[in-house]
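Enquirer: Take this structure first; my questions come after.
The values are calculated or read from the model by the stated rules, or taken from the named source; none is laboratory data. What you see is a predicted model, and the numbers here were worked out from it, not measured in a lab. For neighbour counting, all protein chains shown are included, and Cβ atoms are generated from backbone atoms with ideal geometry for every residue, glycine included.
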């Protein structure tokens, strides 16, 4: 087998991870690389990424149908929903996607990469399962010890 490999090539601030359909030959195409989270539109005021998102994809073509097996890994820096401290959360996900190219010359993997990342977010963003949160009176972080407010 003569598998082809190439980098994602999102170097010039592109907003998409596009693959030319003609690059995907009979034996498929492997692509890998790093994408800035900003280019994927997943940076918010509560979730940032200290490092680029790592992406690997295996693309196989059957006529106008492209099958893509995508795996992603990243570190998301989140804000705890109880104490408001920042913490890092590892993200690792996989997805299988099918594209119908029709008469198109490119497929764009960006939306599926973005969705794969978002699906790996925890339902409750907590710095740790036993986070004590903030004092409802003075706002002190109770993970750092008692705040001194009178217990009710």
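Enquirer: Sort through 84, 109 and tell me the only one that's in contact (Cβ under 8 Å) with a residue 40 or more places away in the chain and over 25 Å from residue 22 (Cα atoms).
Expert: Result of the check over 84, 109: 84.
Enquirer: I would also like to ask the following. Given the conditions (1) modelled with pLDDT of 95 or more; (2) assigned to a strand (DSSP E or B), which single one is not true for residue 50?
Expert: Checking residue 50 against (1) modelled with pLDDT of 95 or more; (2) assigned to a strand (DSSP E or B), the one that fails is (2).
Enquirer: For the subset of segment 133-152 comprising residues that are assigned to a loop (DSSP other than H, G, I, E, B) and touching a strand residue (DSSP E or B) at 6+ places or on another chain (Cβ under 9 Å), which member is farthest from residue 51 (Cα to Cα)?
Expert: The qualifying residue farthest from residue 51 (Cα to Cα) is 147.
Enquirer: Just to be sure before I move on: is residue 31 at pLDDT 90 or above, in contact with a strand residue (DSSP E or B) (Cβ under 6 Å, 6 or more places away or on another chain) and surrounded by 16 or more Cβ atoms within 10 Å (Cβ to Cβ) in the structure I sent?
Expert: Taking the combined requirement at face value, the residue satisfies it.
Enquirer: Kindly indicate the residue of segment 58-81 that is modelled with pLDDT of 95 or more and crowded, with 18+ Cβ neighbours inside 10 Å and also farthest from residue 122 (Cα to Cα) among those meeting that condition.
Expert: 59
Enquirer: Sticking with this structure for a sec: Can you tell me which residue within segment 95-121, out of those that are assigned to a loop (DSSP other than H, G, I, E, B) and in contact with a strand residue (DSSP E or B) (Cβ under 9 Å, 6 or more places away or on another chain), is nearest to residue 80 (Cα to Cα)?
Expert: 121
Enquirer: For residue 116, state whether it is out of contact with any helix residue (DSSP H, G or I) (no Cβ under 9 Å at 6 or more places or on another chain), buried (at least 17 other Cβ atoms within 10 Å of the Cβ) and under 24 Å from residue 46 (Cβ atoms).
Expert: yes
Enquirer: Here's a check for you: in segment 122-132, which residue that is touching a strand residue (DSSP E or B) at 6+ places or on another chain (Cβ under 7 Å) and surrounded by 12 or more Cβ atoms within 10 Å (Cβ to Cβ) is farthest from residue 87 (Cα to Cα)?
Expert: Within segment 122-132, the match that is farthest from residue 87 (Cα to Cα) is 125.
Enquirer: Condition test on residue 60, is it under 21 Å from residue 17 (Cβ atoms), over 12 Å from the mean Cα position of the chain (by Cα) and touching a residue at least 24 places away in the same chain (Cβ under 8 Å)?
Expert: yes
Enquirer: Restrict the check to segment 136-152 and report whether at least one residue is under 30 Å from residue 23 (Cα atoms) and crowded, with 16+ Cβ neighbours inside 10 Å.
Expert: no
Enquirer: Among the residues of segment 53-93, count how many are assigned to a loop (DSSP other than H, G, I, E, B) and within 30 Å of residue 132 (Cβ to Cβ).
Expert: 6
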